[in-house]
Amino acid sequence: MAMKVKIHKIHREGTNILVILFLMLGVINASAWMFIRPVVLPIIFSSLSGVLFLLVLNFFRSPRRYFRGDETNVVVSSVDGRVVALEEVYEGECLKRNAIQLSVFMTIFNVHVNWFPINGKVLSVTHHPGRFLSAYLPKSSTENERSTIVIKAENGEDIVVRQIAGAVARRIVTYAEPGEEADISAHLGFIKFGSRVDIFLPLDSEILVKIGDKTTGGITEVARLKPRG
């Protein structure tokens, strides 16, 4: 399987934040250089400000990725991160049946763009207010603020994707809209500052990852759906 990864821009969700942060740091640092002595203190402060700005800049990077493998019934990771849950659960919000829950947790150092995990058609998008527990905890899937997207896969199965806010991430952005086509090369949404995404799959899906595996959004194959007649 070949892939092409290209960092081509800063995500639009971060543009205003970066501009405001740059201006704030500029004013603060200018004041520090004018009024604080000895000069070593402004130097240290400016260095720390530069590191902070670069960290935020890195967080909002937006790579353009192209999946080059066989897309037939493939399920790719929606996000960069690490697999933290892989188990059979009852999905009672949309599917009303048991499913395999595959969860990937993102740290603040991961790309936070969310990709569609499968090709198909978006059936519904629902936002739920909630708590801001650590996204690493299992109960965050049902108690935290979240957005739930149901996608009709090309094999006819309904797949649930859930964006979950965390203790730091308090804003979920969902671009998916009911009726639109889901494409694994397209962005589903964005979650700011650390969080996780759950995917609920049919029980007979072929799972290709295990707990602890690292994933790359839009690229890593995490499962394959069974063909349906």
Query raised in the report: Within region 88-104, is there a residue that is more than 16 Å from residue 158 (Cα to Cα), part of a loop (DSSP other than H, G, I, E, B) and either modelled with pLDDT under 95 or open to solvent by 50 Å² or more (accessible area, probe 1.4 Å) (or both)?
Result: no
Query raised in the report: Looking only at region 189-229, which residues are touching a Pro at 6+ places or on another chain (Cβ under 8 Å) and part of a strand (DSSP E or B)?
Result: 199, 222
**Report entry** Those residues of region 69-87 which are over 12 Å from the mean Cα position of the chain (by Cα) and under 28 Å from residue 192 (Cα atoms), in sequence order
**Finding:** 74, 75, 76, 83, 84, 85, 86, 87
**Report entry** Cβ-Cβ under 6 Å pairs, at least 6 apart or on other chains, region 202-229 side free of Cβ contacts under 8 Å to residues at least 40 places away in the same chain, far side charged (D, E, K, R) and surrounded by 13 or more Cβ atoms within 10 Å (Cβ to Cβ)
**Finding:** 206/224; 208/221
Report summary line: In region 55-65, residues that are of a type outside the set (A, V, I, L, M) and either outside any strand (DSSP E or B) or open to solvent by 60 Å² or more (accessible area, probe 1.4 Å) (or both) total 4
Query raised in the report: Can you pull out the residues in region 66-81 that are surrounded by 19 or more Cβ atoms within 10 Å (Cβ to Cβ) and either within 20 Å of residue 162 (Cβ to Cβ) or β-branched (Val, Ile, Thr) (or both)?
Result: 74, 75, 76, 77, 78, 79, 80, 81
Query raised in the report: Looking at region 122-135, which of its residues are at pLDDT below 95 and in contact with a Phe, Trp or Tyr (Cβ under 9 Å, 6 or more places away or on another chain)?
Result: 135
Query raised in the report: So which of 142, 216 is open to solvent by 10 Å² or more (accessible area, probe 1.4 Å), at pLDDT below 90 and of a type outside the set (D, E, K, R)?
Result: 142
Query raised in the report: Quick check: is even one residue across region 107-121 surrounded by fewer than 16 Cβ atoms within 10 Å (Cβ to Cβ), within 19 Å of residue 187 (Cα to Cα) and at pLDDT 95 or above?
Result: yes
Query raised in the report: Which residue out of 82, 68 is touching a strand residue (DSSP E or B) at 6+ places or on another chain (Cβ under 6 Å) and modelled with pLDDT under 90?
Result: 68
Query raised in the report: Does region 36-47 include one or more residues that are touching a residue at least 12 places away in the same chain (Cβ under 8 Å), in contact with a helix residue (DSSP H, G or I) (Cβ under 9 Å, 6 or more places away or on another chain), assigned to a strand (DSSP E or B) and open to solvent by 60 Å² or more (accessible area, probe 1.4 Å)?
Result: no
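The values are calculated or read from the model by the stated rules, or taken from the named source; none is laboratory data. Everything numeric here is computed off the predicted structure, so don't read it as measured data. Heads up, the Cβs are rebuilt from the backbone with ideal geometry, glycines too, and the neighbour counts pull from every protein chain shown. In case anyone asks, the SASA skips ligands and DNA or RNA and just uses the protein heavy atoms, side chains included. Shrake-Rupley method; radii C 1.70, N 1.55, O 1.52, S 1.80 Å.
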